[in-house]
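In what follows, a structure is listed as structure tokens, so that the remarks can point back to it.
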Amino acid sequence: MREPMASPASGPDGPAYRLHSVDHALQLLLLFRSKPSLRVSEVADHLGVARSTAHRLLGMLVHRQFAVQDPATKAYRPGPRLVEIGLAAVGALDVRARMRPYLAEIAAATGETVSLLVLDADSVHFIDSIESQRTVRVGSRLDARMPAHSTSAGKAMLAALTTDEVLAIYPAERLVTATEGTLSSRTQLLGELERVQDAGFATNFEESEAGLGAVGMAVLDQDGRPAAAFTVAGPMQRMTPGYVQAIARDLRAVVVAASADLRDVQYR
């Protein structure tokens, strides 16, 4: 007769029979919450393991698509499997699925690359995207993460928060910069968010990367909170004042309907 298996829970320090390789892999996945990309040396230092061990852990995550490696920088970032799990956990209110028809509507109206993003602390996460068919276009950023204050969608969502909430997200005055055009201070950001509130939309003119222009607008839930945001991105040479206003008009009509749809789902 087999002996009964011991309970895995043994107290505040975790299971009595801890599998260190699994524990390391889970700690590594949690590390992606605070850092959009990781290098082997960072992982080794955080986990207290050899670089070879960190490299093997990252390699397995890549194999199972829980991480992807940037071929240029060799850094690792969250992979599509994590995105799928995170979105599936939302359950009935799957923002990506609910907003997909509206994303397609914006893509058809503007002819530019359009994306759906959510706010994650001081970063934005591209959870859906439809790439433009124009010869000169901005490529899809699906699954990418960027500093929120450097993107139009990020600024649109931040502008829907209270000042105290923004200050909590950005406790320091100095902000990370991606280009010469990125807002570099919290004071600049707060001023920009006031302009976004007045205009009803946000812009990104070479703030996240050179040559890229974008217009973003937030989708609000029943409490007026930013549930997500749409962004329309194209080459800077097309982003004339008149064109930006035309994109904003297209976005506004869709965002009103999308927000109403989202509120309707939440009230059911």
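The values are calculated or read from the model by the stated rules, or taken from the named source; none is laboratory data. Just so it is clear, the model here is predicted, and its values are computed rather than measured. Virtual Cβ from ideal backbone geometry, glycine too; neighbours counted across all protein chains shown. Accessible surface areas use protein heavy atoms only, side chains included; no ligands, DNA or RNA. Shrake-Rupley method; radii C 1.70, N 1.55, O 1.52, S 1.80 Å.
The table that follows gives values for the structure above.
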{"item": "Among (1) in contact with a helix residue (DSSP H, G or I) (Cβ under 6 Å, 6 or more places away or on another chain); (2) in a helix (DSSP H, G or I), the one test that Leu119 misses", "result": "(2)"}
{"item": "Check on Val136, farther than 26 Å from Lys35 by Cβ, open to solvent by 20 Å² or more (accessible area, probe 1.4 Å), among the hydrophobic types (A, V, I, L, M, F, W, C) and assigned to a loop (DSSP other than H, G, I, E, B)", "result": "yes"}
{"item": "Qualifying positions in the range 144-171 - more than 15 Å from Gly213 (Cβ to Cβ), in a loop (DSSP other than H, G, I, E, B) and in contact (Cβ under 8 Å) with a residue 12 or more places away in the chain", "result": "Ala144, Ala159, Ala160, Leu161, Tyr170"}
{"item": "Any hit, the range 122-133, residues being open to solvent by 50 Å² or more (accessible area, probe 1.4 Å), closer than 27 Å to Thr177 by Cβ and touching a residue at least 24 places away in the same chain (Cβ under 8 Å)", "result": "yes"}
{"item": "Answer from Arg141, Arg100, Arg96 - the residue that is part of a loop (DSSP other than H, G, I, E, B) and either under 19 Å from Met236 (Cα atoms) or touching a residue at least 24 places away in the same chain (Cβ under 8 Å) (or both)", "result": "Arg141"}
{"item": "Output for the range 209-268, where each listed residue is surrounded by fewer than 13 Cβ atoms within 10 Å (Cβ to Cβ) and not in a helix (DSSP H, G or I)", "result": "Ala210, Gly211, Asp223, Gly224, Thr240, Arg268"}
{"item": "Near pairs, Cβ below 7 angstrom, 6+ apart or cross-chain, from the range 172-195 (open to solvent by 80 Å² or more (accessible area, probe 1.4 Å)) to any residue that is among the acidic types (Asp, Glu)", "result": "Thr187/Glu173"}
{"item": "Where a residue in the range 240-254 is closer than 15 Å to Ile106 by Cβ and its partner, wherever it lies, is in a helix (DSSP H, G or I), with Cβ under 7 Å and at least six apart", "result": "Ile247/Thr110; Asp250/Ile106; Asp250/Ala109; Asp250/Thr110; Leu251/Ile106; Val254/Tyr102; Val254/Glu105; Val254/Ile106"}
